[in-house]
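Here is the structure we will look at, set down as structure tokens.
The values are calculated or read from the model by the stated rules, or taken from the named source; none is laboratory data. Since the structure is predicted, the reported quantities are computational estimates derived from the model, not experimental observations. Counting neighbours? That spans all protein chains shown, and the Cβs are built from the backbone with ideal geometry, glycine included.
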Amino acid sequence: MASDQEIDLLVFGGGITGAGIARDAALRGLSIALVESHDFASGTSHLTSKVVHGGLRYLEHGHIKPVVDALIERYRLLEHLAPNLIRPLQFVLPFENNEFVKWLYTLTGLHLYGFPEWYRCGRASGPRLGVRLTRDYPLMRPYPFAVTFWDAQTNDARLVLSTLRTAEASGAMLQNYTSIREAVYDNHRWHLTVCSERDGQTHKFRARAVVNATGPWCPQTAALLGVKYVSLTWLKGSHMMLPRPARFGEDAIVMRSVRDNRPLWVIPWHHRLIVGTTESNHTGDLRDVRPTADEVDDLFESFRRAFPKAGFSRGDICGAYAGVRPIVPQGVESANQLSREHRIDVDADRRLVTVMGGKLTTFRMMAEQSVDEVERLLHRSPPIRAVRRRLREQRLWPGLSRDEGRQLRANLARIYDALPHRDRLVKHLVLSYGWEASGILEEIARQPSLGVPLTQTVPYTVAELGYLARTEKPLRLLDLVKRRTSLYFLADDCCACMLPRIAEHVGRSLGWDRERRARELEHVAAEFAADLACCRPSTAAPALLDRQSVVA
Ligand SMILES: Cc1cc2nc3c(=O)[nH]c(=O)nc-3n(C[C@H](O)[C@H](O)[C@H](O)COP(=O)(O)OP(=O)(O)OC[C@H]3O[C@@H](n4cnc5c(N)ncnc54)[C@H](O)[C@@H]3O)c2cc1C
């Protein structure tokens, strides 16, 4: 970022909200920079249930408009923006014997909820009865009836990174690990000084408008910008992960909490099951949000009751994580009833827009509305209808259409036909990085040891991590294993035995010496142990902590 530059818009926050705004603004031709104080997606946006959904249960509380908006956005994401990152996922919602009326009522609601998916894609929602339920979901305890409906699943952190790469390709400047040092609004300009953690350098520049998209940190960021902000409450949600039994099937299942009968999800994700979400008020440090033993008890006992035949014990829990969402006080008592609608506040006197709440699913819509506000503040005319439509459907980076993706996969499979695991590897790389997949495959062809898959289901390789280290601005090893890839969640014991090798390879492009590599490994191990502490109290940091072997 050149010092003392003047730009149209500065966005604070590199989660999905900030990323979406950066994309929309850059595509509209605004000069824009995005500043993230930690890693991109390091807030709530990599700790979600990874579901792209309308929110069937919010219909029950009469929140019709947000559900309809989310259904439209879900469709756009699946069909236009990110078909490579989002896949349809069927949900099963079972009911007890005494819930017959509720079942009928839910079926009625499904006419609204399921219609768009059925009409556009032929995926039908509807009733499912006892015998078929037991046959299709053999691990689940018997239920007399259920409904099935369609939503979708994504990789949350990759969605943020792809959105950011789209923004960058359209001219946005992106800086992670950069914090605000000084912010003064004077003469219709924000005069800002920010400092980068990478090199300790400060940069000054002027922005004609600022967006605060720092999610749960909105009040703190407002304070740094010298403005007052409404008080928020923070709602914490925890998940645990279990190995996915072969007989679990492909569908997600909604079960009930043993504690308070709240709906909980069991979602298949690669060879794991994600079980969540608990909901409780959070008052502690926003950078250190972990599941508690109590929350994991609730999730585990609820799972055991719903899936008695799965035969899991506490020792089988292989991961846990928690995130927080900001909630604007709404005057309702139960967390379940709180609307997930977003809120956009505009301070026209200081050309400051604050965006909060919402969902991963609706990030594009929130971005469009926020950038409309920014354009109004800058006295720019809004895009004409045709341009708006193009913005709504413009594919996220890497931007291949389905046909182009198929063609590229076929070509690369032909060129690299001698590679082991060729088909899985080529498919994964093309879906994730489009044309850039060929560079990674080229490296693997030159040095086959870099192409050995690191997990059972997703063929992550050391070569891919090296590519990500060069192209996606990670500063720490954790950024690579937890957000650029999902190794942290998907590999057994956080890929402990391979991490030293990964650190050595990526350390070459990131300039890490032995001491730094050892620190990075310790950091990953400590994070993993802290997340798992609530599930397996006896778990020490995984074996990757053999510091001697790294430093020696
Ligand atoms: C447990 C849980 C599960 C969820 N599951 C789903 C789901 O399945 N589907 C769905 O659609 N939605 C889901 N959501 C909602 C969704 O995750 C959030 O709406 C979304 O991630 C919020 O993104 P954000 O960018 O606003 O905030 P964040 O992702 O938290 O990003 C804010 C960013 O701002 C940065 N920051 C903080 N202070 C500063 C500063 N001063 N300067 C610069 N940067 C700063 C932070 O480091 C952070 O990266 C879930 C939420 C929770 C809590």
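Some values worked out for this structure:
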| item | result |
| --- | --- |
| Candidates Ser45, Ser37, Ser49 - the one that is outside any helix (DSSP H, G or I) and closer than 17 Å to Gln153 by Cβ | Ser49 |
| Residue match in the stretch 240-253 (condition: without any contact (Cβ under 8 Å) to a residue 60 or more places away in the chain, near the ligand (Cβ under 10 Å from one of its atoms), buried (at least 16 other Cβ atoms within 10 Å of the Cβ) and closer than 20 Å to Phe489 by Cβ) | no |
| Scan of the stretch 78-88 for residues that are more than 14 Å from the chain's Cα centre (by Cα) and buried (at least 20 other Cβ atoms within 10 Å of the Cβ), ordered by number | Leu78, Leu81, Asn84 |
| Thr485 being in contact (Cβ under 8 Å) with a residue 12 or more places away in the chain, polar (S, T, N, Q) and either farther than 17 Å from Leu161 by Cα or crowded, with 18+ Cβ neighbours inside 10 Å (or both) | yes |
| When residues of the stretch 211-230 are limited to those that are in a loop (DSSP other than H, G, I, E, B) and either at pLDDT 95 or above or in contact with a strand residue (DSSP E or B) (Cβ under 9 Å, 6 or more places away or on another chain) (or both), the one farthest from the ligand (Cβ to nearest atom) | Val230 |
| Selected residue (only one of Leu164, Leu192, Leu133, Leu139 is of a type outside the set (Phe, Trp, Tyr), within 14 Å of the ligand (Cβ to nearest atom) and more than 27 Å from Leu360 (Cα to Cα)) | Leu192 |
| Residues of the stretch 348-371 satisfying the condition of being more than 8 Å from the ligand (Cβ to nearest atom), outside any loop (DSSP other than H, G, I, E, B) and in contact (Cβ under 8 Å) with a residue 40 or more places away in the chain | Leu352, Val353, Thr354, Arg364, Met365, Met366, Ala367, Glu368, Ser370, Val371 |
| Criterion: part of a strand (DSSP E or B) and within 16 Å of the ligand (Cβ to nearest atom) - qualifying residue of Leu89, Leu77 | Leu89 |
| Filter pass, Leu510 being farther than 23 Å from Ile440 by Cα and in contact with a helix residue (DSSP H, G or I) (Cβ under 8 Å, 6 or more places away or on another chain) | no |
| Residue check for Phe40: under 30 Å from Leu242 (Cα atoms), within 11 Å of the ligand (Cβ to nearest atom), assigned by TED's automatic domain parsing to the domain that holds Thr354 and at pLDDT 95 or above | yes |
| Test result for Val11, of a type in the set (Val, Ile, Thr), within 16 Å of the ligand (Cβ to nearest atom), at pLDDT 95 or above and not in a helix (DSSP H, G or I) | yes |
| Criterion (farther than 30 Å from Trp217 by Cβ and within 16 Å of the ligand (Cβ to nearest atom)) met by exactly one of Val296, Val275, Val266 | Val266 |
| Failed item in (1) more than 7 Å from the ligand (Cβ to nearest atom); (2) hydroxyl-bearing (Ser, Thr, Tyr); (3) assigned by TED's automatic domain parsing to the domain that holds Thr163, with Tyr58 passing the rest | (3) |
| Filter pass, Ala25 being away from the ligand (no atom under 12 Å from the Cβ), modelled with pLDDT of 95 or more and closer than 24 Å to Thr178 by Cα | yes |
| Lone qualifier among Tyr177, Tyr143, Tyr137, Tyr119 - being in contact (Cβ under 8 Å) with a residue 12 or more places away in the chain, within 25 Å of Arg87 (Cα to Cα) and among the aromatic types (Phe, Trp, Tyr) | Tyr137 |
| Looking only at the stretch 408-460, and only at residues there that are surrounded by 17 or more Cβ atoms within 10 Å (Cβ to Cβ) and of a type in the set (Phe, Trp, Tyr), the one that is farthest from His505 (Cα to Cα) | Tyr416 |
| Residue satisfying all of: in the stretch 231-263; among the polar types (S, T, N, Q) and in contact with a strand residue (DSSP E or B) (Cβ under 7 Å, 6 or more places away or on another chain); nearest to Thr44 (Cα to Cα) among these | Ser238 |
| Subset of the stretch 263-285 (residues that are in a loop (DSSP other than H, G, I, E, B) and surrounded by fewer than 18 Cβ atoms within 10 Å (Cβ to Cβ)) | His270, His271, Thr283, Gly284, Asp285 |
